[in-house]
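Inspection log for the structure reproduced underneath, given as structure tokens.
The values are calculated or read from the model by the stated rules, or taken from the named source; none is laboratory data. All values reported here derive from a predicted model rather than from experimental measurement. Glycine also receives a Cβ, built like all others from the backbone with ideal geometry; neighbour counts cover every protein chain displayed. Accessible surface is based on the protein model in full, side chains and every heavy atom, while ligands, DNA and RNA are left aside. Shrake-Rupley method; radii C 1.70, N 1.55, O 1.52, S 1.80 Å.
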Amino acid sequence: MFWIYLIGVMLMPIVALKLFMKYFSGTFLSLIMKLMHSNIETVKTKLFDEAISKIKSNKKNDRLEILELGIGTGENFRHFPKGSNVTILDKTDLFLPYLNESIKKNNRNDLNVSKLVVSKAEEMVGIESDSMDLVVHTFILCSVDDHLKVMNQVYRVLKPGGVCIFMEHSIDNENKKRKILQKFIEPLMGDCKFLDMKKVLNSGPYDHLELKKYTVNRSLITFINPVVYGYGSKS
């Protein structure tokens, strides 16, 4: 009986967390995402400015066609060029209520959210080849089934001269204690996995790739370190 009791006590926190994630995951994940993005805002601003300047697919200076993978809490909207046409693809509509909130909060009524696609990123159903000037994904490769297929789809939908901007958390192969922590909490994080994102992104199809690494100092979320970010382009 003692062992049954002990196992029950050990399992209770895990069961409680899974129940919490099941019924309150939208609110919980939105808070986590906002916290993560608020701590990378400076480096993200520089990244968007640099990567957007590399876009060569829009020579007529028309509205940029942007595809964002994973709506999250809309934290990237503030960085999109004025007047852009935005397509959003997400495997769930869980975060859609945050869309209008983000547009209003960031005063981005100039953006034309032209299409909402509920689909896995590996498939990108209904998105034409060579149709996007810019693709953006932040913290989503950790939770897809096939990251190489996702990157191949990104490459497919980019116009020649188009750019993909990314920021992804990674397994920490340089800090053993952090890596142990990441592996310990990974089973509690649903679809999210800690991957070697430098290796993942280097395996993609981009004709030119810029990779950098950033360390978040906020104590509550240092477990996401390192953040691998940059951009890839299609010739």
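Before moving on, here are some points about what is shown:
- Fully extended contour minus Cα-Cα distance, from Glu123 to Asp191, at 0.36 nm per residue: 22.7 nm
- Three-way shape label, the range 49-195, alpha-carbon gyration tensor, a/c 1.5: prolate
- Rounded if a/c under 1.5, otherwise prolate or oblate - the range 57-136, Cα gyration tensor axes: oblate
- The range 70-139: GluC sites (Glu not before Pro) in DSSP loop, at most 12 other beta carbons within 10 Å: Glu128
- Charge tally for Phe77 (other residues, Cβ to Cβ under 11 Å; Lys, Arg +1; Asp, Glu -1): 0.
- Counting only Cβ charges, +1 for Lys and Arg and -1 for Asp and Glu, the dipole size of the range 77-164 around its Cα centre is about 360 debye.
- Of the residues Ile221, Ile55, ranked by 1.4 Å probe accessible area with the largest first, the sequence reads Ile55, Ile221.
- Rounded accessible area of Leu181 (nearest 10 Å², 1.4 Å probe): 80
- Electrostatic tally near Glu122: other residues with Cβ closer than 14 Å to its Cβ, Lys and Arg +1, Asp and Glu -1, net -1.
- For the range 64-157: accessible area per residue (Å², 1.4 Å): 42
- For Asp207 and Lys82, the difference between the fully extended length at 0.36 nm per residue and the C-alpha to C-alpha distance is 42.3 nm.
- Calculated SAXS-style log₁₀ I(q)/I(0) at q = 0.12, 0.13, 0.15 Å⁻¹ - the range 129-213, Debye, Cα scatterers: -0.40, -0.46, -0.59
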